[in-house]
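The values are calculated or read from the model by the stated rules, or taken from the named source; none is laboratory data. Computed from a predicted structure; not experimentally measured. In this analysis, Cβ positions are derived from the backbone assuming ideal geometry, glycine residues included, and neighbour counts consider all displayed protein chains. Please note that ligands, DNA and RNA were not included when accessible areas were found on the heavy atoms of the full protein model with its side chains. Shrake-Rupley method; radii C 1.70, N 1.55, O 1.52, S 1.80 Å.
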Amino acid sequence: MELSAAAALGAALAVGLASLGAGIGDGLVSGKTVEGIARQPEAKGTLQTLMFISVGLIEAMPIIAVVIAFMLLGKAS
């Protein structure tokens, strides 16, 4: 296997797994937030704020993976 083919495969794998992990993480955070709001409706504002911060941090992972994938593809060619 050539280096560029291995780099492309590694980049695709990294981005795909990061996206999968982010999707699972977003689902868990959103589900737990809805559950928390259902249990304590008066804490809705605090829970939503924490949810948006958490989702933003979770979504940073696929973006970092894409940047690393581009760097990996850039070095292989």
Checked segment 13-44 for anything exposed (fewer than 12 other Cβ atoms within 10 Å of the Cβ) and within 17 Å of Val66 (Cβ to Cβ); matches are Leu20
Criterion violated by Leu9 - all others in (1) open to solvent by 40 Å² or more (accessible area, probe 1.4 Å); (2) more than 22 Å from the chain's Cα centre (by Cα) satisfied
(2)
From the list Leu72, Leu47, which residue is open to solvent by 40 Å² or more (accessible area, probe 1.4 Å), in contact with a Ser or Thr (Cβ under 8 Å, 6 or more places away or on another chain) and not charged (D, E, K, R)?
Leu47
